[in-house]
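Below: the structure, in structure tokens.
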Amino acid sequence: VQTRGTRVDGGWRITGQKVWTSGAQHCNRGLATVRTDPAASKHKGITMVVVDLTAPGVTVRPLREITEDALFNEVFFDDVFVPDADVVGEPGQGWTVARATLGNERVSIGGGAGSRDRPTAASLVALLDRYAPDDGGLAREVGLPASAEQATQLLNLRSVERAVVGAEPSAEGNVTKLLAAEQAQQITELGMRIAAAAAVTGGEAALTYEYLFARCLTIAGGTSEVSRNVIAERILGLPREVVPR
């Protein structure tokens, strides 16, 4: 967290940059974690604020992706004023707020929110029928993501049960987010192999788009590497990763 928040009369002055902000070009408000106490340890001294994206000093630049879409953005803050009323939670407690929002986001992503009509393991069966009806090897490969999808759906049901009883997000959200992102890549990669030439000559345009889009999913919402660390350290209780200095 390098974006800085400096205390001023009635609020904070925000200076810095954020990348990978979903839909920022269509929004008038956004959440930002800013470092308000540089002397504190890295997970302390962070504050969560709501920023008016139409305020003076805010610049939003869409990032063009391999699909030609611009779903994500980089946002620049140049001495942007944020009033005290727009601080979420308490100053210096932003990491706690961020963990809560990320936990709920991973539940949402793992549950398929915003997934549109992306290819599923079941949709691969239709591709097999069209392009490789007699290929037993490819048929067996389709079975693996099909079974993984079933397991993910059961974990999603656990998340639903937690929400119904008012419990906080737990292990399922981290696990299903990781699985959903990697499954999307595995399914579209297998789909491209099954469709063969049709996948790159316009015969399966929707599949080709989803194959390209799925490249981002192991980064968006927390990289697969970060997800594995969270699962290992905070769920399984394994020793923390030692980062060489």
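The values are calculated or read from the model by the stated rules, or taken from the named source; none is laboratory data. Because the structure is a prediction, the values reported are computed rather than measured. When we count neighbours, we look across all protein chains shown, and the Cβ atoms used for this are built from the backbone with ideal geometry, even at glycine.
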Please verify whether region 189-207 includes one or more residues that are surrounded by fewer than 17 Cβ atoms within 10 Å (Cβ to Cβ) and among the charged types (D, E, K, R). yes
What is the number of the single condition among (1) modelled with pLDDT of 95 or more; (2) closer than 22 Å to S224 by Cα that G112 does not meet? (1)
When restricted to W20, W12, the only residue farther than 20 Å from V82 by Cβ and out of contact with any Cys (no Cβ under 7 Å at 6 or more places or on another chain) is W20
Kindly establish whether R61 is over 15 Å from P83 (Cβ atoms) and under 22 Å from the mean Cα position of the chain (by Cα). yes
In region 115-132, residue surrounded by the fewest Cβ atoms within 10 Å (Cβ to Cβ) [restricted to those that are on the phi < 0 side of the Ramachandran plot and modelled with pLDDT under 85]: D117
Go through the residues of region 176-194 one by one and say whether even a single one is without any contact (Cβ under 8 Å) to a residue 12 or more places away in the chain, assigned to a helix (DSSP H, G or I) and hydrophobic (A, V, I, L, M, F, W, C). no
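Mind counting the residues in region 113-140 that are assigned to a helix (DSSP H, G or I) and under 27 Å from the mean Cα position of the chain (by Cα)?
Number satisfying all stated conditions: 4.
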